[in-house]
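Inspection log for the structure reproduced underneath, given as structure tokens.
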Amino acid sequence: MKKILVTGGLGYIGSHTVVELQNSGYQVLIIDNLSNSSLDVLEGITNITKTAPTFERLDLRLKADVADYFKKNQDIEGIIHFAASKAVGESVQNPLLYYENNLNTLIYLLQECNAYGIENFIFSSSCTVYGEPDSLPITENAPVKPATSPYGNTKQISEEILKDTCCISALKSIALRYFNPIGAHETAEIGELPAGVPQNLVPFITQTAAGVREQLSVFGDDYPTEDGSCVRDYIHVVDLAKAHVIALQRLLSKKNETQFEVFNLGTGRGSSVLEVVNSFETTTGEKLNYKIVDRRPGDVIAVYADTQKANKVLGWKAEKTMEDALESAWKWEKKIRNI
Ligand code: NAD
Ligand code: WQD
């Protein structure tokens, strides 16, 4: 069994990926410092897969601890690196936290890859690197725009760090640029656990329907889109998780065409905020209390992926629908609120 290290494996996307990796026959080792997750997630993963992944609570900012970890675990064949801080607004308030947590951790891991000859590395990037796109759908060749937040900047710099490291070593890396991940595992054993007030649309919707929040604010209906609200490419987290297994297999079987590759992971379909709200109401039968408010500063008007590269080269395609995602997100919210 090939041993794969998943950093941030108890987080939202990481936990769903661990499930898919275990279901595909990989032995998974998780590192997480629990800064944005909980140990209960281990139980959820184990309930779904009937296998407990190996877990180590470790802060990847601690270089010496990272080095010790690799000294003890010398048979790792690949790394999927999710661990990072991800709140855009918080990154503006506390840029050094973001540069330290998102860049130092990557650098320390890559140093260990060099030291122990680990050649396969998958990185969580983001559609945020495209900023406000010049044309839609966005292909991987679209220019990376100057970052509008320290968070976005860390994703751009991380991609550069990976590219440069691949140039001078045996490292092969794939950066996966996620669009907007939503939904939960169909069993409701794992899902998204936002700390505090959710910044993202779907957790805010489900918390409002659950009565945790009084009202959803829809940020703007005067954008140049069909119904005036912003458009995004919402992708089911389980589809996203499966893409990681495929990307890993590509690296392990040396099918990659260049040492550093980038893929968009989205559905290829744009949905407006109001479409998501309506779809939630229709799918779940829940009435949502919402109002239109001012635009949120920094929001781009519309982004959705051109997924042809991932479709053709990886042989991966998003299979689940918006309804599947919203239904699973609602099932998860009801479970954690005991509704
Ligand atoms: P998440 O916060 O749920 O998961 C990240 C996990 O990493 C958490 O469990 C956290 O405890 C852990 N972690 C953070 N810093 C750590 C450190 N120093 N040492 C060890 N563990 C640490 O986030 P997510 O939504 O699952 O995102 C995973 C990755 O995908 C991140 O890199 C994020 O930037 C990226 N991404 C997320 C989205 C999104 O909308 N969720 C979109 C694009 C890209
Ligand atoms: C989606 C749409 C909001 C909340 C962020 C990061 C991006 C990436 C994904 C990591 C927007 C609207 C939201 C609410 C609303 N993350 N909205 N009311 O902004 O597309 O992307 O997450 O890499 O980098 O910026 O996602 O879920 O915050 O917003 O009307 O209460 O929903 O204005 O149009 P976003 P989101």
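Rolling a 1.4 Å probe over the protein heavy atoms gives segment 6-94 an accessible area of 43 Å² per residue.
Annotation for segment 211-246 versus segment 136-177: alpha-carbon center distance of 23 Å. For Cys113, the shell of other residues with beta-carbons less than 12 Å away shows a net charge of -2, using +1 for Lys and Arg and -1 for Asp and Glu. Between the beta carbons of Asn114 and Glu281, assuming R0 = 51 Å, the FRET efficiency works out to 0.50 to the nearest 0.05. Taking all Cα-Cα distances within segment 1-83, those exceeding 21 Å account for 21%.
With the alpha-carbon atoms as the only input, what is the per residue convex hull volume for segment 187-339 in Å³? Each step should come with its number before you reach the end.
Values: hull volume 21.3 nm³, N = 153.
Value for segment 187-339: 139 Å³ per residue.
Glu319 sits with roughly 140 Å² accessible to a 1.4 Å probe, with DNA, RNA and ligands left out of the calculation. Ligands, DNA and RNA left out, the accessible area of segment 14-99 computed with a 1.4 Å probe is 49% carbon and sulfur. For a paramagnetic label modelled at 7 Å from the Cα of Lys50 toward its Cβ, which residues of segment 15-35 fall within the zone defined by backbone nitrogen distances under 17 Å? Within reach of a label on Lys50, which here means backbone N under 17 Å from a point 7 Å along Cα→Cβ, segment 15-35 contributes 19-27. Under the shape rule built on the C-alpha gyration tensor, where the axes satisfy a ≥ b ≥ c, segment 204-269 is oblate, since a/c reaches at least 1.5 while a/b does not exceed b/c. Computed from the C-beta positions of Lys312 and Lys145, the FRET efficiency with R₀ = 25 Å rounds to 0.50. A probe of 1.4 angstrom, applied to the heavy atoms of all protein chains, finds Cys167 with accessible area near 110 square angstrom.
Between the alpha-carbon centres of segment 57-129 and segment 12-44 there is a gap of 16 Å.
Separation of segment 185-206 from segment 288-339 is 11 Å, based on Cα centroids. The order of Met1, Met322 by accessible area, most exposed first and with a 1.4 Å probe, is Met1, Met322. Give me the percent of accessible area attributable to carbon and sulfur for segment 213-339, probe 1.4 angstrom. Carbon and sulfur: 45 percent of the exposed surface of segment 213-339.
Listed values for segment 215-226 are Karplus-derived 3J(HN,Hα) couplings in whole Hz (6.51 cos²θ - 1.76 cosθ + 1.60, θ = phi - 60°), namely 8, 8, 8, 8, 7, x, 10, 10, 7, x, 10, 4, and x replaces Gly and Pro. Only protein heavy atoms count here; on that basis, with a 1.4 Å probe, Ser35 has an accessible area of about 90 Å². So if R0 is 25 Å, what FRET efficiency would Ser38 and Asp299 give, r being the distance between their Cβ atoms, rounded to the nearest 0.05? That gives a FRET efficiency of 0.25. Checked against a 18 Å cut-off, the cross-linked pairs Lys63/Lys172; Lys242/Lys320; Lys145/Lys317; Lys287/Lys334 give Cα-Cα distances beyond that limit for Lys63/Lys172; Lys145/Lys317. At 10 °C and 1.306 mPa s, what whole-number value in µm²/s does Stokes-Einstein give for the translational diffusion of the chain, with Rh from the Kirkwood sum over Cα pairs? The estimated diffusion coefficient comes to 78 µm²/s. On C-alpha positions alone, give me the angle between the axis of helix 150-168 and the longest principal axis of the chain, in degrees, nearest 10. Once rounded, one gets 30 degrees. Shape class for segment 91-190: rounded, because the ratio a/c of the largest to smallest gyration tensor axis (alpha-carbon atoms, square roots of eigenvalues) is under 1.5. For Ile80, what residues show an amide H to amide H distance below 5 Å, using hydrogens built from the backbone and excluding near sequence neighbours? Those lying under 5 Å, H to H, from Ile80 are Leu5, Val6, Thr7, Ile122. When every Cα-Cα distance of segment 141-214 is counted in 10 angstrom steps from zero, the calculated P(r) takes the values 14, 32, 27, 21, 6, 1 percent.
Remark: segment 195-289 carries 41 Å² of accessible area per residue (probe radius 1.4 Å; ligands, DNA and RNA excluded).
Charge tally for Leu314 (other residues, Cβ to Cβ under 13 Å; Lys, Arg +1; Asp, Glu -1): +3.
The reciprocal of the average 1/r between distinct C-alpha atoms defines the Kirkwood hydrodynamic radius, which for segment 16-164 equals 16.9 Å.
The values are calculated or read from the model by the stated rules, or taken from the named source; none is laboratory data. Model, not experiment: these values are computed from the prediction. Methodologically, a virtual Cβ is constructed for each residue, glycine included, from the backbone with ideal geometry; neighbour enumeration extends over all protein chains shown. These area figures cover heavy atoms from the full protein model, side chains too; ligands, DNA and RNA do not enter into them. Shrake-Rupley method; radii C 1.70, N 1.55, O 1.52, S 1.80 Å.
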